[in-house]
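Read through the structure below, which is laid out as structure tokens, and then see the notes.
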Amino acid sequence: MSADQKAVPIRDAATIIAVKDRMSDDPQVLMGQRGAKAAFMPNKFVFPGGAVDAGDAHIALAAPVNPLCGDRLQEDADHGLPHALAVAAIRELWEETGLILGRPGTWDGDIPEDWAGFADTGHLPSGEGLQFVFRALTPPGRPRRFNARFFLADADRIIGDPQDFSRASDELSHLQWIPLSKVRSFDLPFITEVVLAEVTTRIRDIAPPASVPYFRNDDEESLFLRLRGHPMPQNG
């Protein structure tokens, strides 16, 4: 492996898998397309998400994530990171789609610039609707590497019209709710396909999972683990 590959820092990240019509025969997931000039996954259809910012640890949540999810998030993570990950997931959903996961409320003190628009809607971010369902480490050799946590969120938790993307940034284009029966016809990253396979098996289960898959790609080997569990058997 080259020195350049080893030099790429690994950043913690959070991704939202928003699901609409969860109990129907063909639930839909919210995705958008990354730009052609994006350094990471250009042109791919992805879930809203991104890296944890330093300020995310200092944003108060109106309600925390489920304690079981918090326990899974804390495994092999710095103290306080589960809170920052939940905040990052809600912030990225807001920035990339203009959709709100929160509760009505008034902010105390100074409002960070990247939360000003969210606060103007009269809501506080809330982690109560987040289910931690997957974790993945970007393999070596990529221009950017992330230790990403994927959260499932029911569209019923979204404040307002889940089809209203008028407040979204331009980071993702072609934002849309895609039926699971059609999503694999889109240009998806490999890891997104893996996550979708896992989510599809439990999409109607509203309880947090007892264990969470962790697809870990490091400098030595690739492992498919389960947090609070054992290595998953591999076929072949």
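Some values worked out for this structure:
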{"quantity": "Elements of type strands (runs of 3 or more DSSP E) in region 89-205, at least 3 residues being exposed (fewer than 15 other Cβ atoms within 10 Å of the Cβ) and free of Cβ contacts under 8 Å to residues at least 60 places away in the same chain", "calculated": "none"}
{"quantity": "Subset of region 193-221 that is small (Gly, Ala, Ser) and farther than 20 Å from Ala77 by Cβ - its residue that is modelled with the highest pLDDT", "calculated": "Ala197"}
{"quantity": "Only listed residue being under 23 Å from Ile206 (Cα atoms) and of a type in the set (Asp, Glu), chosen from Asp114, Asp108, Asp120, Asp71", "calculated": "Asp71"}
{"quantity": "Conditions (1) over 20 Å from Trp177 (Cβ atoms); (2) not in a loop (DSSP other than H, G, I, E, B); (3) not hydrophobic (A, V, I, L, M, F, W, C); number of the one not met by Gly32", "calculated": "(1)"}
{"quantity": "Residues (outside any loop (DSSP other than H, G, I, E, B) and either within 16 Å of Ile17 (Cβ to Cβ) or of a type in the set (Val, Ile, Thr) (or both)) located in region 49-88", "calculated": "Gly49, Gly50, Cys69, Arg72, Leu73, Leu85, Ala86, Val87, Ala88"}
{"quantity": "Residue in region 38-69 that is nearest to Asp154 (Cα to Cα), counting only those that are free of Cβ contacts under 8 Å to residues at least 60 places away in the same chain and either among the polar types (S, T, N, Q) or out of contact with any Asp or Glu (no Cβ under 9 Å at 6 or more places or on another chain) (or both)", "calculated": "Pro67"}
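Rundown of residues vs (1) modelled with pLDDT of 95 or more; (2) hydrophobic (A, V, I, L, M, F, W, C), yes/no style:
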residue	(1), (2)
Phe47	yes, yes
Ala54	no, yes
Ile59	yes, yes
Gln74	no, no
Val87	yes, yes
Arg91	yes, no
Glu96	yes, no
Thr106	no, no
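The values are calculated or read from the model by the stated rules, or taken from the named source; none is laboratory data. Remember, predicted model here, so these are calculated numbers, not experimental data. Glycine gets a Cβ as well: all are built from the backbone with ideal geometry, and neighbour counts include every protein chain shown.
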